[in-house]
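> Quick one: structure below, then a few questions.
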Amino acid sequence: IGVSTIAGALRRKVWFDQIQFQWSPNFYIVIVGRAGAVKKSTSLDLGKKLLEEIEGINFGPDMCTWQMLIQEIARCKETVEIKGTPFDMSCMTLNLSELGTLMDFEDQNLVSSLTDLWDGRLGVVIKATKTQGVDRIVNPWVNISAATTFAWMAANFPKGLIGSGIAGRILWIKGKISDKDIAYLEDEIPAKAHVKKFSQLADKLNIIAKYAGRYIITNEAKEWGKQWYKKQKDLLRSLPEDSIEGDALVRKPGHLHKLAMVISASRLNFPTIELRDLIEADEKLKSLEIDTVSIFNYIGQVPITQAAMKIVEIVRQVKLINKGELYRKNFFRTTPVKEFEEAIKSAMQAGLIEEVSNGNFVTLKTKGI
């Protein structure tokens, strides 16, 4: 979330030039985790609150259609001055506590639009629809941080999109439960200390928000980058065209340099990308590779397996729930009773939940709790 927040402050007014195209530090970051157990929304809210301290940041809607999104981006047009020259840009940051409020991976128009917007191409992008007319977006730039659950991914991410352009443009993060048990945050972080830290971060972010212009790369970093690129290409040639890893590798040079720009900015070292920035960016991307494979292992599961995963997720969140209530609130409209019962048996056989008697009711609870 820190990466997305710094990127939101930098916007389209900084870039790394590749002659035929430019990399600009926007990201599509999605945190996937267990509902209620991983503080996804809390982290997203903190990043948004910091960006709200910067004048001129444009936030996107929490819920909208892709047509509305395009219209909102077009309305965000502004002019900034870069070394005495006016520069037009249309920048928007979206912080989505629920990815599903925006993203419908079955909607090809939305998927293709977001795929194009990630590239941050210079120029005017024209989007036309039958009902909304024509929208002209000047130098569009979209930065997204969002959260969702494994169950939502299993139910809503088409298996056919694995290996697609949009999947490789997203940085997938597997949310992990904190090792620290903190019942009352005020005991861990006194209010005054929190206010002071927040103010310090906001002040630093305001410095970063003033950066504008082209990033330059040191000769040492460039030589390392050339060797890194050769290794990535060699690895890519050895992978199937539709593999998860191959899809990520195609976009990895872009991710690497976008992330290096953010890391450099976090060190208040604009406009220089140093060797240490590239190395740190590479290490962070490597740490996400296992997360990505783990998340996509949920895709393409049979309905009973998907239902079992959803049951475990819900039971872990509420600890104890009546089986009838669980079915009525979460599965009645989508899952036949027989499949629901089979999903419960599957989760029990995996040792993830257990069924216990509670008076006249049969209840479910997380195993071991």
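The values are calculated or read from the model by the stated rules, or taken from the named source; none is laboratory data. Given the structure is predicted, the values throughout are model-derived calculations rather than measurements. Backbone-built Cβ (ideal geometry, glycine too); neighbour counts: all protein chains shown. In case anyone asks, the SASA skips ligands and DNA or RNA and just uses the protein heavy atoms, side chains included. Shrake-Rupley method; radii C 1.70, N 1.55, O 1.52, S 1.80 Å.
> When only the heavy atoms of the protein chains count and the probe is 1.4 Å, how do Glu72, Glu55 rank by accessible area, highest first?
Solvent-accessible surface, decreasing: Glu55, Glu72.
> Compute, for His194, the solvent-accessible surface of its heavy atoms (probe 1.4 Å) with the complete set of protein chains present, and express it in square angstrom to the nearest 10.
Accessible area of His194: about 90 Å².
> Just reorder Arg276, Arg12, Arg316 by solvent-accessible area, largest first, 1.4 Å probe, all chains present.
The residues order as Arg276, Arg316, Arg12, largest area first.
> In whole percent, and with a 1.4 Å probe on the protein chains, what portion of the accessible area of the chain is carbon and sulfur?
So the carbon and sulfur contribution to the accessible surface is 52 percent.
> Need one value: the accessible area of Ser287 in square angstrom, 1.4 angstrom probe, rounded to the nearest 10.
70
> Pick the calculated Rg and Dmax of the Cα atoms in Å for this structure from (1) 22.9, 84; (2) 22.6, 77; (3) 20.9, 76?
(2)
> Now for a different question. Applying the Karplus parametrisation 6.51 cos²θ - 1.76 cosθ + 1.60 with θ = phi - 60° to the phi angles of region 64-69, what ³J(HN,Hα) value in whole Hz is obtained for each residue in order, glycine and proline being reported as x?
5, 8, 5, 5, 5, 4
> Might you report the magnitude of the Cβ-based charge dipole of the chain about its Cα centre, with Lys and Arg at +1 and Asp and Glu at -1, to the nearest 20 debye?
Dipole magnitude for the chain comes out near 180 debye.
> Among residues other than Gly213 whose Cβ falls under 10 Å from its Cβ, what is the net charge (Lys/Arg +1, Asp/Glu -1)?
+3
> Distance between the C-alpha centers of region 278-330 and region 86-118? Whole Å please.
Centre-to-centre distance over Cα atoms comes out at 23 Å.
> With every protein chain kept in place and ligands, DNA and RNA left out, what is the accessible area per residue of region 1-60? Probe 1.4 Å, answer in Å².
40
> For Gly254, what charge total do you get from the other residues with a beta carbon under 11 Å from its beta carbon, if Lys and Arg give +1 and Asp and Glu give -1?
So the surrounding residues net to +3.
> If you count only protein heavy atoms with a 1.4 Å probe, what accessible area per residue comes out for region 210-329, rounded to a whole Å²?
Numbers: 6300 Å² over 120 residues.
That works out to 53 Å² for each residue.
> Note down the relative contact order for the chain as a percent, whole number, built from C-alpha pairs under 8 angstrom at least six residues apart.
Across the chain, relative contact order equals 20 percent.
> A follow-up question, please. Relative to the longest principal axis of the chain, what angle (0 to 90°, nearest 10) does the C-alpha long axis of helix 303-318 take?
That works out to roughly 90 degrees.
> Using alpha carbons only, how many degrees (0 to 90, rounded to 10) separate the axis of helix 219-237 from the longest principal axis of the chain?
Compared with the principal axis, the helix lies near 40 degrees.
> For helix 337-349, report the angle its Cα long axis makes with the longest principal axis of the Cα atoms of the chain; keep it between 0 and 90° and round to the nearest 10°.
80
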